[in-house]
Structure formats: structure tokens, C-alpha cells
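*Asks:* Below: one structure in C-alpha cells.
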Amino acid sequence: MVSYTVIGGPSSEQLGRKISSKLNSKYIGTELRVFPDGESKITLKDKPRGRIIVVQSIYPPVDSNLVRALAIISEARRYSSDICAVVPYLGYARQDRQFLPGEIVTISLVAKLFKAAGATKIIVVDIHSMIALKLFQIPAKNITVVQELVKYFKRLKLKNPLVVSPDMGGIARARNFARLLSVDFIALEKHRDRKTGKVVVKQGDHQQVRGRDLILVDDMISTGGSIMKATQYLRKHKCGKIYATCTHALLIGDAEKKIKQAGVTKIVSTNTIPGKTSIVDISPIIAKAIV
Ligand code: R5P
């Protein structure tokens, strides 16, 4: 029988514990001290053994959580040659191509760093695009947890529900979500100014939303701009209730408040990033992907 140790990094302690209990494995927590200059000092609370799983999401503070993940991995490597990095939310994954001349594709450096630190495998969840995954020089696997979000919505009594992607880039995700929920989907046309970040939704004929409950599906909600604009647009078309769901809810600043004020009834996300909206537990799916 394979023996595992799960190390729950400071950003993913609860999720790490849950994964460990699903695997029936040893669990090790970490102690984090942040010095006045911002440096992190991490101490492992015990010695790992067997195959080591390091769980650490890279959400804000992104750079600190990245360095913390790398530091834990490099320490774990002293105990095992089999280190699986589980990074449920991979910060920098959106920086996977050059949109404007001179822009640096930072995820390509991040990918190299994981190998350099000693990770032998990486598992991520609903990554923004598969382009980033191809840059890793170690086996890299993306797992989707859309089915878990769908299970949540199946339990709600929605009125003639319709799935909506806030942009064309999310069509495949919305289609999959709608198929699993056995409903239809549509996609809005979103435009984001690459310099200012400002989002606009292109006007179109969306009479089919009238009177129906809508589920806005995205991979992540960051500033909430995309969901807010989509909500404002859809409400003009006299829809029913609007729900917003995503795998990763960063909800920067007062994003949650702004989204609710725009007219969203509820935001439902997973525990790749802990928070008030993270009500869907994905630890069983991650544990399954590890063994
Ligand atoms: C973009 O293509 C992504 O799928 C999300 O729609 C976007 O990152 C969400 O960001 P924000 O909440 O800041 O609009």
C-alpha cells in the first residue's frame, strides 16, 4: 500500500486536511511567520514520509503564496523523490500569452520554478486555459470540478434555468455546465480593454432570457467586473433571478458587494480559494486525481 503525507500550505490548510482525510494519509501543517519586510518563514510541523502531496493555492498575496509553495516543495524534496504539487488555484495562469508587445508570459517562469523546486508532478483545478499547462516541464494535470457546482444547482428549484457564459472564451465551460444540468446555454460578447481593464458587453438579441432564472458560469471571479456587466445587461432583458458561479472566487476588494448590488442573488464557488462563497467542497475530486 502506498503511504502518503499531505502537507497543507498556509493558503490551503483546510482543503489540505480534507484531502488528507479522504486519502487516509498523514497530515502535516505548517507554521507561517511573516517578517516586517514581507519575507515568509515557514516551518513544517512534522517530518513527511512516503509520497508527498503539497497543497497550496496561489491566490493573493500571489507572489508570497507562490514562494511559500516553492519553499515547502523544496523542503519536502529532502524526504522524498515523489512530490506532487496540488495548486488548486494557480495564480499567473491568465498570463499565458502576449496580448501587447513586450508583455512577459510570466506563467512560463512559474512553470520552470515548480520543477526547479523539486515538484515531480502538478495538479491544478479548472485552469484558465490549457496553454499554461503545456509550459510545465513535469507531468501536469488539470481537473475540472464543474460537475460539483452543477450538483449544487440541481438541488435548487430554479425557474426554467438558462446557463450564461459572460464571454465567448467561456463557451466550452458553459456548454459543459448546461449539458450536465440538462438545460440550454448562451454566451455574451464581452470586450475588455487590455490597457484599462474596462469591460463592456456587446448589445445583442437575448429575448430568450426573459422571465428565466440565469446561472452565470465563469472559471473565476476576480474584480467582479465581468459578472457585474453581464448582470446589468441581462437585467435589462427582464430575466428572473441571477446566480453567479465559478471555480475560483478571488473577489478582490468589495467585488462581492458590487456583484450583489448589480442584482446577483447568490455567488457559489468552490474551496480552491477559501471564503464566504466557497460552499462547494472539491477535496473528493482532488483525492481521486492523486491516487
Ligand atoms: C476571463 O477571461 C476570465 O474567464 C474571467 O471572466 C475573468 O478573469 C474575471 O475577472 P473579473 O472578475 O475581474 O472580471
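*Asks:* Can you give the helix-only mean residue ellipticity at 222 nm for the chain, where every DSSP H stretch with n ≥ 4 adds -39500 (n - 2.57) and the sum goes over all residues, rounded to the nearest 500 deg cm²/dmol?
*Replies:* That calculation yields -9000 deg cm²/dmol at 222 nm.
*Asks:* With every protein chain present, what is the per residue accessible area of the chain (1.4 Å probe, Å²)?
*Replies:* 48 Å²
*Asks:* How large is the convex hull of the Cα atoms of the range 146-271 per residue, expressed in Å³ as a whole number? The partial results should precede the final answer.
*Replies:* Values: hull volume 12.1 nm³, N = 126.
Spread over its residues, the Cα hull of the range 146-271 gives 96 Å³ apiece.
*Asks:* Same structure again: Within the range 22-41, whose backbone N sits under 15 Å from a point 7 Å along Cα→Cβ of Gln14?
*Replies:* none
*Asks:* Now for a separate question. Just the number, please: carbon plus sulfur as a percent of the accessible area of the range 146-271, 1.4 Å probe, no ligands or DNA/RNA counted.
*Replies:* Taking all protein chains in place, the range 146-271 shows 48 percent carbon and sulfur surface.
*Asks:* Cβ neighbours within 10 Å, averaged per peptide: list 18-30, 152-164, 222-234 in order, most packed at the top.
*Replies:* On the way: 18-30: 19.5, 152-164: 16.4, 222-234: 22.2.
Per-residue mean Cβ counts within 10 Å order the peptides as 222-234, 18-30, 152-164.
*Asks:* With label points built 7 Å along Cα→Cβ from the Cα atoms of Ile279 and Thr144, find their separation and express it in nm.
*Replies:* 2.3 nm
*Asks:* Given a cut-off of 20 Å, what percent of all Cα-Cα pairs of the range 186-254 lie beyond it?
*Replies:* Cα-Cα pairs of the range 186-254 separated by over 20 Å account for 29 percent.
*Asks:* Let me ask another. My understanding is that a pair violates if its Cα-Cα distance is over 32 Å; which of Lys157/Lys195; Lys41/Lys141; Lys159/Lys229; Lys18/Lys157; Lys151/Lys258 do that in this structure?
*Replies:* Lys157/Lys195
*Asks:* Find how much the distance from Leu113 to Asp37 grows on full extension, using 0.36 nm per residue of separation minus their present alpha carbon separation; answer in nm with one decimal.
*Replies:* 25.1 nm
*Asks:* So what's the Cα pair-distance distribution over the range 43-142, bin width 10 Å, in %?
*Replies:* 16, 50, 26, 6, 1
*Asks:* Rg and Dmax of the range 34-91 over Cα atoms: what are they, in angstrom?
*Replies:* Rg and Dmax of the range 34-91, Cα atoms, are 11.9, 36 Å.
*Asks:* What is the antiparallel percent of DSSP beta bridges lying wholly in the chain, to the nearest 5?
*Replies:* Values: 8 of 48 bridges.
Of all bridge pairs located within the chain, approximately 15 percent are antiparallel.
*Asks:* Counting only the heavy atoms of the protein chains, how much of Cys239 is accessible to a 1.4 Å probe, in Å² to the nearest 10?
*Replies:* 30 Å²
*Asks:* Once you have all Cα-Cα distances for the chain, histogram them in 10 Å bins from zero and send the whole-percent values.
*Replies:* The calculated distribution, bin by bin, is 6, 28, 32, 22, 10, 2, 0.
The values are calculated or read from the model by the stated rules, or taken from the named source; none is laboratory data. From a predicted model like this one, the values you see are computed outputs, not experimental measurements. Cβ coordinates were reconstructed from backbone atoms using ideal geometry, including for glycine residues, and neighbour counts include every protein chain displayed. Protein only, heavy atoms only, side chains kept; ligands, DNA and RNA dropped before computing areas. Shrake-Rupley method; radii C 1.70, N 1.55, O 1.52, S 1.80 Å.
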